1. What residue among I75, A52, M34 has its Cα farthest toward the positive end of the dipole of the chain, where the charges are +1 on Lys, Arg and -1 on Asp, Glu, each on the Cβ?
2. Compute the distribution of all C-alpha to C-alpha distances in region 57-178, in bins of 10 Å from 0, and list the percent of pairs in each, rounded to whole numbers.
3. Calculated FRET efficiency, N91 and Q115, Cβ-Cβ r, R0 22 Å, to nearest 0.05?
4. Report the full-extension gain for the segment E98 to Q11: residue separation times 0.36 nm, less the Cα-Cα distance, to one decimal in nm.
5. How large is the helix-only mean residue ellipticity at 222 nm for the chain, computed as the sum of -39500 (n - 2.57) over DSSP H runs with n ≥ 4, divided by its residue count, in deg cm²/dmol to the nearest 500?
6. Non-local amide H neighbours of T125 (under 5 Å, H modeled in plane, Pro and chain starts lacking H): which ones?
7. For the chain, give the share of DSSP beta bridges that are antiparallel, in percent and rounded to the nearest 5; count only bridges with both residues there.
8. For region 85-145, take the convex hull of the Cα atoms, compute a quarter of its surface area, and give me that in nm², please.
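Computed from the coordinates by the stated procedures, all read-outs in this text should not be read as laboratory data. Values in this document were obtained by computation on a predicted structure and should not be read as measured data. Virtual Cβ from ideal backbone geometry, glycine too; neighbours counted across all protein chains shown.
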Amino acid sequence: MLRGLGANTVQVRRAEQLVGIDGLILPGGESSVMDKLLRLFHMKQPLKDRLAEGLPVLGTCAGLILLAEEIDGAITGQETLGGLDVRVQRNAFGSQVESREESVAVAGIVGPPLQVAFIRAPIVTRVGDGVDVIARLDSGDIVGVATPTMIGVSFHPEVSGDDRLHRLFLDKVAHGHQ
Ligand code: GLN
């Protein structure tokens, strides 16, 4: 998605690679495993440091969970990076069979609602000061939040081919260099 928008990309697998990047996507996956691997590969603290410096970051689904200060439904010992003052409920929609595509309006994105995929997705149950809600479901559940440097969404924005959330993120990355 990012390459399609003209960005240079690299898959970050080691802490040294955090040095040269202007923005980072923490993707979907399994947050408890990502947490374990971040610690195993000594990437947790370097990543926390980069986030604290204001590295623009987009966290999608498990990536949002990694950014959250507090989680409900964590496995024993599961930690997050933190930095985004929200509380999330893991697996809030139930099991894999409850996964689905849905259209969601996102603040800052013009045009029709985004078509996105919820795959064992979390919801945001508390939003701290300085965090904006950018997307809700019809139920009122919060599924998107933002700060000046972070975007966190419960869903996968990359599945449908709609690149507008990635554009919004790249705008944030570019803004950091003004
Ligand atoms: N349920 C996963 C978790 O808790 C997130 C799923 C996803 O990223 N699609 O980490």
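1. M34
2. 14, 48, 32, 6, 0
3. Values: r = 22 Å, r/R0 = 1.00.
With a Förster radius of 22 Å, E is 0.50.
4. Numbers: separation 87, 0.36 × 87 = 31.32 nm, distance 2.99 nm.
Net length gain for the segment: 28.3 nm.
5. Details: 4 runs with 37 residues, N = 178.
Taken over the chain, the calculation gives -6000 deg cm²/dmol.
6. Those lying under 5 Å, H to H, from T125 are R87, V88, Q89.
7. Restricted to the chain, the bridges split so that about 60 percent are antiparallel.
8. Over all viewing directions, region 85-145 projects a mean Cα-hull area of 4.2 nm².
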